[in-house]
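Asks: First the structure, which I've put down as structure tokens, then a few questions once you've had a look.
Derivation of every value follows stated rules applied to the coordinates shown; laboratory data play no part. Everything quoted here is computed from the prediction, not taken from an experiment. Because the Cβ atoms are built from the backbone with ideal geometry, glycine has one as well, and the counts that use them run over all protein chains shown.
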Ligand code: DGL
């Protein structure tokens, strides 16, 4: 069994990619909805959540853990690996490397939560992969919360997304890195804004490929999905449908569970 978690719904994009890549694997997805959003939280708080959830998934019998959250990865993936040395732990990092490699103008922008934007891990990623590339970092407070509420097509929000993205495009950025797993679900809002000027870079499929490489026997199973949440588990099936992932609900044979992690 593979355990996958996020603060909320964003990790569903990674879950979907893993479910497509490993149709026979048993998957447990945990949304830490009682503590979402992670973006404005301290590193210490996020680390506490990551370790508690990691232990919970390991205790359930997960043979691999996927941290389907850039914010949690930046703050605590090393701590989780140190805490659970026998389990493969796969994290998510903003796709700075593919963006820098493919950017025609050598100018990229990273859209991320407040916490990821100021993280040492992002700074290191940029130092390693972006020599000669201009990198703008745009913290996007509230974007993940909008996705969580399935409320992101409202005109005032679309206008605020445009206010964030337009200056980046006007300055010449031609790759916009989606540095938060929630933002992939904003593609219908972002695509018309960037059309013909820039490309969005999402890493959900790359993370799934890495999960396939690392899973080993954790990929064995009967293709079942268990959904868990730390608050409002009943909202998960509706969210799957609202985010175009209704097919995933068919993999789950029991109602979503409320867990007190
Ligand atoms: N989905 C998370 C990420 O990838 C964080 C969203 C949040 O809880 O602020 O960064």
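Asks: Read through the list (1) surrounded by fewer than 23 Cβ atoms within 10 Å (Cβ to Cβ); (2) more than 10 Å from the ligand (Cβ to nearest atom); (3) assigned to a loop (DSSP other than H, G, I, E, B), then give the number of the only condition that residue 52 fails.
Replies: (3)
Asks: Given 72, 34, 76, 68, which one is touching a strand residue (DSSP E or B) at 6+ places or on another chain (Cβ under 9 Å), without any contact (Cβ under 8 Å) to a residue 40 or more places away in the chain and within 16 Å of the ligand (Cβ to nearest atom)?
Replies: 76
Asks: Mind checking which residues of segment 100-116 are in a helix (DSSP H, G or I) and within 16 Å of the ligand (Cβ to nearest atom)?
Replies: 114, 115, 116
Asks: With the requirement that a residue be within 18 Å of residue 246 (Cα to Cα) and buried (at least 24 other Cβ atoms within 10 Å of the Cβ), what does segment 5-16 give you?
Replies: Once the filter is applied, which keeps residues that are within 18 Å of residue 246 (Cα to Cα) and buried (at least 24 other Cβ atoms within 10 Å of the Cβ), segment 5-16 yields 8, 9, 10, 11, 12, 13, 14, 15.
Asks: Here is a further query. Restricting segment 17-31 to residues that are in a loop (DSSP other than H, G, I, E, B) and in contact with a strand residue (DSSP E or B) (Cβ under 8 Å, 6 or more places away or on another chain), which is surrounded by the most Cβ atoms within 10 Å (Cβ to Cβ)? Break it down into steps so the answer makes sense when it comes.
Replies: Of all residues in segment 17-31, those in a loop (DSSP other than H, G, I, E, B) come to 22-26.
Checking which are in contact with a strand residue (DSSP E or B) (Cβ under 8 Å, 6 or more places away or on another chain) leaves us with 22, 25-26.
Values: 22: 20, 25: 23, 26: 21.
The selected residue is 25.
Asks: Now a separate question. Taking the condition more than 14 Å from the ligand (Cβ to nearest atom), in contact with a strand residue (DSSP E or B) (Cβ under 7 Å, 6 or more places away or on another chain) and part of a helix (DSSP H, G or I), does residue 57 pass? Show your work before the answer.
Replies: Working: more than 14 Å from the ligand (Cβ to nearest atom): yes; in contact with a strand residue (DSSP E or B) (Cβ under 7 Å, 6 or more places away or on another chain): yes; part of a helix (DSSP H, G or I): yes.
Criteria met by residue 57.
Asks: Would you pick out the residues in segment 37-49 that are over 17 Å from residue 121 (Cβ atoms) and either surrounded by fewer than 16 Cβ atoms within 10 Å (Cβ to Cβ) or more than 14 Å from the ligand (Cβ to nearest atom) (or both)?
Replies: If the condition is that a residue be over 17 Å from residue 121 (Cβ atoms) and either surrounded by fewer than 16 Cβ atoms within 10 Å (Cβ to Cβ) or more than 14 Å from the ligand (Cβ to nearest atom) (or both), then 40, 48 are the ones that fit.
Asks: Any residue in segment 192-213 that is surrounded by fewer than 17 Cβ atoms within 10 Å (Cβ to Cβ) and within 16 Å of residue 33 (Cα to Cα)?
Replies: No: segment 192-213 contains no residue that is surrounded by fewer than 17 Cβ atoms within 10 Å (Cβ to Cβ) and within 16 Å of residue 33 (Cα to Cα).
Asks: Something else: Of all residues in segment 145-199, which are more than 16 Å from the ligand (Cβ to nearest atom), touching a residue at least 24 places away in the same chain (Cβ under 8 Å), in a loop (DSSP other than H, G, I, E, B) and under 25 Å from residue 7 (Cα atoms)?
Replies: Within segment 145-199, just 153 meets the criteria.
Asks: So which residues in segment 239-258 are part of a loop (DSSP other than H, G, I, E, B) and touching a helix residue (DSSP H, G or I) at 6+ places or on another chain (Cβ under 7 Å)? Spell out how you get there, then give the answer.
Replies: Step one: filter segment 239-258 for residues part of a loop (DSSP other than H, G, I, E, B), giving 243-245, 250-256.
Residues satisfying the conditions are 243, 245, 251, 256.
Asks: Now for a different question. Which of the residues that make up segment 124-144 are out of contact with any strand residue (DSSP E or B) (no Cβ under 9 Å at 6 or more places or on another chain) and either more than 14 Å from residue 177 (Cβ to Cβ) or within 11 Å of the ligand (Cβ to nearest atom) (or both)?
Replies: Answer for segment 124-144, where residues must be out of contact with any strand residue (DSSP E or B) (no Cβ under 9 Å at 6 or more places or on another chain) and either more than 14 Å from residue 177 (Cβ to Cβ) or within 11 Å of the ligand (Cβ to nearest atom) (or both): 124, 127, 128, 131, 132, 141, 142, 144.
Asks: Go through segment 226-238 and count every residue that is over 21 Å from residue 62 (Cβ atoms), in a helix (DSSP H, G or I) and out of contact with any helix residue (DSSP H, G or I) (no Cβ under 7 Å at 6 or more places or on another chain).
Replies: Qualifying residue count for the region: 2.
Asks: So, in segment 81-98, how many residues would count as being within 16 Å of the ligand (Cβ to nearest atom), in contact (Cβ under 8 Å) with a residue 60 or more places away in the chain and not in a loop (DSSP other than H, G, I, E, B)?
Replies: Residues flagged as within 16 Å of the ligand (Cβ to nearest atom), in contact (Cβ under 8 Å) with a residue 60 or more places away in the chain and not in a loop (DSSP other than H, G, I, E, B) within segment 81-98 amount to 2.
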